[in-house]
Every structure is written in C-alpha cells, then in structure tokens.
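Colleague: Can you read through this structure? Questions will come right after.
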Amino acid sequence: MAAIARACSAERWPAQVCAVISSRGDAVGVATARELGLAVEVFDSAAFGARDAHDDALAERIERHRPDVVALAGYLRILSERFVARFAGRLVNIHPSLLPAFTGLQTHRRALHAGVSVHGATVHLVTAELDGGPILAQAIVPVLADDDVPALAARVLAAEHLLYPRALLWMVQGRVELVDGRVRLRDPREGERLLAIGVDGAR
C-alpha cells in the first residue's frame, strides 16, 4: 500500500489514492496511510457473521469513494463471487509467486521445496477463481542456493514494491484491455509485462 501511494504521488499519476480500507485498526499500513495523509477507514470484519453480508457492506464502503481501480494489498480474506463480479475488470491483486505456479499460501516454502531456480510475484485481475485471474504483470526473482524462506520472501517483497505500482499505473492510464481473457497493453512504451528483478531487489 505504501509503495503504491508513494509512487502515485512521486510519479504524478493521473489519479490519487482516494481511501485505504483495512479490516484491522492496528495494521501497520493504517498508521502509514495516516502519515501519508490518506483517508483511512477501519472495517471491522468480525462484526459480520455471513460472508455475503460482510462483502456487501465492504463493497458499499468502497463505492462511497467511487474508485476506478480497487487494489488488494494484504487483504487476507477470500472474497465472494458477487463481490468480485461487482468490481469486475477493476479489482486487482498481487500474489507472491509466478502464477499459475504456487497458488494459495506458503508460496516461498513451496518454491524452495520444489527446487525451482526462479520465483517471483504476479499482479492479476481478480476473478472468482482463487489466484486465477488474467495476469497484468510479473516480476522474476532468482532463487539462490543458500536461500531460506525469510531471505526469498524479502527479495520477492522488494520486487512486489516495484511491480504493483507499475501495473496499477497502466490501469489508471487506461492502457489495460482484455482480449480473449488475456491482458493486452494498448501502448507498449513501458516495456514488457515480465520484469527481471535483481538479487538485491533493484531493477
């Protein structure tokens, strides 16, 4: 969230972060958002028993701000099909693997166990299929011989902080279109959708 907000301001996007909505008031991101001067709402998910009631109330909160793009950044709930349908085409998520590999949880541990030589992160449009929406962009991170889960996770996180803002910028610029269920950029001037991230997290 902080990487997105800072990029939006520093790069003078044709957009602004209209609100940060969190299910936890003690989340670090809430304090950071307030420090950045962003509007913040804390949405108590525990107050709702049924998932549909929760998602309907969350959707109403989001729509009060009239966003063009809704970015999930650490929102660790599986959203209902009708919530996803309500924001279809403008609901974006980032996942810590090179999808379609390693959907779900424990991605870094599973990547190390599988012995892959590269790992990374994926920004995708959200659909009803968990971690299965059309891919906007991916970042490749090498897996080193002496990696453990924390070391690999840290490099992937550094890549995410570069990748997610770039993909969202394409969204707010109106450059993203879906063709036969796949993402196509209307103008390739920003380069490829597949980015190589160095071992130290730098481009």
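The values are calculated or read from the model by the stated rules, or taken from the named source; none is laboratory data. Note that this is a predicted model, so its numbers are computed, not measured. Because the Cβ atoms are built from the backbone with ideal geometry, glycine has one as well, and the counts that use them run over all protein chains shown. When the accessible area is computed, the model is the full protein with side chains, heavy atoms only, and any ligands, DNA or RNA have been set aside. Shrake-Rupley method; radii C 1.70, N 1.55, O 1.52, S 1.80 Å.
Colleague: Just to confirm, what accessible area per residue do you get for the chain at 1.4 Å probe, in whole Å²?
Modeller: 55 Å²
Colleague: Arg109: accessible area at probe 1.4 Å, nearest 10 Å²?
Modeller: Roughly 140 Å² of Arg109 is accessible to a 1.4 Å probe.
Colleague: Let me ask something additional. Which of the helices in the chain meet the span-like rule: DSSP H, Cα axial reach of 27 Å or more, Kyte-Doolittle mean at least 0.5?
Modeller: Length and hydropathy pass: 149-172.
Colleague: Post the alpha-carbon centroid distance, segment 64-98 to segment 27-59, in whole angstrom.
Modeller: 13 Å
Colleague: Which percent of the accessible area of segment 1-160 is formed by carbon and sulfur heavy atoms (probe 1.4 angstrom)?
Modeller: 52 percent
Colleague: Also, I was wondering about something else. How high is the relative contact order of segment 18-177? Use alpha-carbon pairs under 8 Å, at least six apart in sequence, and give a whole percent.
Modeller: 16 percent
Colleague: Heads up, I need the accessible area for Ile21: 1.4 angstrom probe, whole protein in place, Å², nearest 10.
Modeller: The accessible area of Ile21 comes to roughly 40 Å².
Colleague: As a check on your grasp of the helix formula, calculate [θ] at 222 nm for the chain: sum -39500 (n - 2.57) over DSSP H runs of n ≥ 4, divide by the residue count, round to the nearest 500.
Modeller: -10500 deg cm²/dmol
Colleague: Here is a follow-up. Considering just Cα atoms, how many Å³ per residue does the convex hull of segment 11-120 enclose?
Modeller: Cα convex hull per residue, to the nearest whole number: 151 Å³.
Colleague: Longest segment of the chain with no GluC sites (Glu not before Pro) in a DSSP loop having at most 14 other Cβ atoms within 10 Å?
Modeller: Segment 12-128 is the longest.
Colleague: Which of [x] 26, 20, 18; [y] 35, 17, 16; [z] 31, 18, 17 is the computed semi-axes √(5λ) of the Cα gyration tensor in Å for the structure on display?
Modeller: [x]
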